[in-house]
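Below you'll find the structure, written out as structure tokens, and then a few comments.
No lab work stands behind these numbers, since they all come straight from the coordinates. Please read these numbers as outputs of a predicted model, since none were measured by experiment. All Cβ positions, glycine included, derive from the backbone under ideal geometry; neighbour counts span all protein chains shown.
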Amino acid sequence: MPVDTVIKNGTLVTADSILETGIAIDGEKIVAVGDESTLPNSSQTIDASGYLVLPGIVDPHVHFDGTNPFIDDPLETYDTGSAAAALGGVTTIIDFAWQGAEKGADDPETGTLLDGIEYQKSTAGESLIDYGLHGTIIREDPDLFEELSEVIDEGVTSFKMFSVYDWGVSNGFMGRVFDHLSNLDAVAVLHTEDESVCEEQTKILKEQDRGDPTDYPDSRPDYAEAMAADDALRMAMEANCKYYGIHTSCQKAGEVIKRYRGEYGSELVRGETCTHYAALDDSVFSEIGTLAQLSPPIRSPSDVESMFEYLSEGTLDVVSTDHVAYTRDRKSVENWWDCPYGANSLQRSLPVFYDEAVNRRNYSPSFVVKVMSTQPAQIFGFSNKGTLEPGTDADLVFFDPSKRHTITSEDNASKSDYSIYDGRTIQGSVTHTMVRGEFVVRDEHVVGSPGHGKYVAREVPDWQN
């Protein structure tokens, strides 16, 4: 019996090798990788000449519908967001299921994580790509601890907490969560900024009438990010709890992660940065204003250099997007403190980071695969993602490394009508994207059927290896 598909003449890129070889797919799975003469007969053959064939990108930090029950602003649905992701070579994402059920709930102070998971799944029916969920803890309710085992049984094995905002939790309660997650071998995911510092700095800037976008980074200084990371990591290590630091933006916070990772090892400490922290610096605020307003802020050129140093040496493991969709109109305000945080980037993240890392900094394409596909899959328990090994999901990206183009938001699939990378000329582009053996993007156009994507229950990850 022939298999469904054989891909020939491509250059396969994994986290540790680049191979001129073929790949065979049957149903949803990769069934063989090797010399084309040894591969089975197939119903269709795809000529991948000129392409890098990558495992699908795994983005563990994405906000689609239901981002926050306290806020009803973000626009992205799974229909539009997953289309943007697929066009960018992203085949799997992890979104957030917020304690308190659904976006715009009358009373976000009620409801459980299990309610949030059920709601988030209900919004994802038209996803083109596969998805998992983090549980997001937004209130200090001890009843939470009674449901954690059941949440993990649902395949949600990582739990996010904030040290800031109205939905942040205190260090005391955070420590209790670490204790419970440690007993379950689950992962704690932390947004760390010191709330009192950020609030006071914001107050000072308002008093000084410093509402220009270029003043925004002063409201959330790098040391505030480092201080809160230090507190959270200390408590997590005391509890022997796996810790994953999200959207690391600066050298000071990276140094904190490096110190704890050096002492306690990668079996307990992991971290990420985002494409925008590796490809943009704070000059972007004078160029596009509050369109670039994220939290933490985009930092200095030296912080950009630090992100690559930390990724190279293994202090940080992952490059994500922290994708959030707003319109240009919603982001355009007179004073930065009236602007919501976040920017869309799923459609651009792989090409932008590839261009920055490979073309501008001489990293290998394998480095890109490692930090954008293989390591996020391993860290978060996607055993069938982030790899080209036989027996795993046939999630593939056909990436043209020679195509030069200038990014324009005119072709956004996202509901967001701008891009923080608008006008940036890069080399490297996604041409086709395959999710579990089916093309969802061909020739840079969405061809997949809404609903092809499915929820993937994640395993409790093994960080020992």
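Taking the Cα centre of region 318-449 as reference, the dipole from Cβ charges on Lys and Arg (+1) and Asp and Glu (-1) amounts to some 280 debye.
Strictly over 27 Å apart at the Cα level, which of Lys206/Lys258; Lys160/Lys403; Lys203/Lys242; Lys121/Lys415; Lys252/Lys403; Lys160/Lys206 would you flag in this model? The pairs that break the limit, which is 27 Å between Cα atoms, are Lys206/Lys258; Lys160/Lys403; Lys203/Lys242; Lys252/Lys403; Lys160/Lys206.
Placing a pseudo-label 7 Å from each Cα along the Cα-to-Cβ vector at Arg360 and Glu444 gives an inter-label distance of 2.0 nm.
Close amide-amide hydrogen proximity is noted between Ser158 and Gly135, Val187, each under 5 Å apart and 5 or more residues distant or on a separate chain (H modeled in the peptide plane; Pro and chain starts excluded). With neighbours defined as other Cβ atoms within 10 Å of a residue's Cβ, the residues Thr290, Thr275 order from fewest to most as Thr290, Thr275. Model label points for Leu184 and Ser266, set 7 angstrom from Cα along the Cα-to-Cβ axis, are 2.6 nm apart. When the charge dipole of the chain is built from unit charges on Cβ atoms (+1 for Lys and Arg, -1 for Asp and Glu) and taken about the Cα centre, the candidate among Leu294, Thr157, Asn362 whose Cα reaches farthest toward its positive end is Asn362.
A simple spin-label model places pseudo-atoms 7 Å from Cα toward Cβ; at Asp212 and Ser402 they are separated by 4.6 nm. Applying 0.36 nm per residue to the separation of Glu199 and Ile18 and subtracting their alpha-carbon distance, the gain on full extension is 60.3 nm. Here's the picture: charge each Lys and Arg Cβ at +1 and each Asp and Glu Cβ at -1 in the chain, and of Thr406, Ile117, Met174 the one pushed furthest to the positive end of that dipole is Thr406. Of the complete DSSP H runs in the chain, those spanning 15 angstrom or more by Cα along the long axis with a mean Kyte-Doolittle score not below -1.0 are 171-184, 195-207, 222-238, 301-313.
Were the residues from Ser300 through Ser383 laid out at 0.36 nm apart, the gain over their Cα-Cα distance would be 26.2 nm. Applying 1/(1 + (r/R0)^6) with R0 = 30 Å to the Cβ-Cβ distance of Asn41 and Asp411 gives a FRET efficiency near 0.20. Basic side chains Lys and Arg get +1 at the Cβ, acidic Asp and Glu get -1 at the Cβ, and with that the dipole of region 56-379 about its Cα centre reaches some 1180 debye. Rounded to 0.05, the FRET efficiency of the Glu255 and Lys8 pair, given R0 = 35 Å and the Cβ-Cβ distance, is 0.15.
Comparing Pro376, Val352, Ser449 along the charge dipole axis of region 352-461, the residue lying farthest to the positive side is Pro376, per the Cβ-charge model. Ordering Ser312, Ser414 by the number of other Cβ atoms within 10 Å of each residue's own Cβ, fewest first, gives Ser312, Ser414. Shape descriptor for the chain: Rg over Rh equals 0.95 (Cα atoms; Rh from the Kirkwood inverse mean 1/r). Label zone of Glu309 (point 7 Å out along Cα→Cβ, amide N under 14 Å): in region 209-230 this covers no residue at all.
In the chain, the DSSP-assigned H stretches of four residues or longer account for a calculated mean residue ellipticity at 222 nm of -8000 deg cm²/dmol, using -39500 (n - 2.57) per stretch and the full residue count as denominator.
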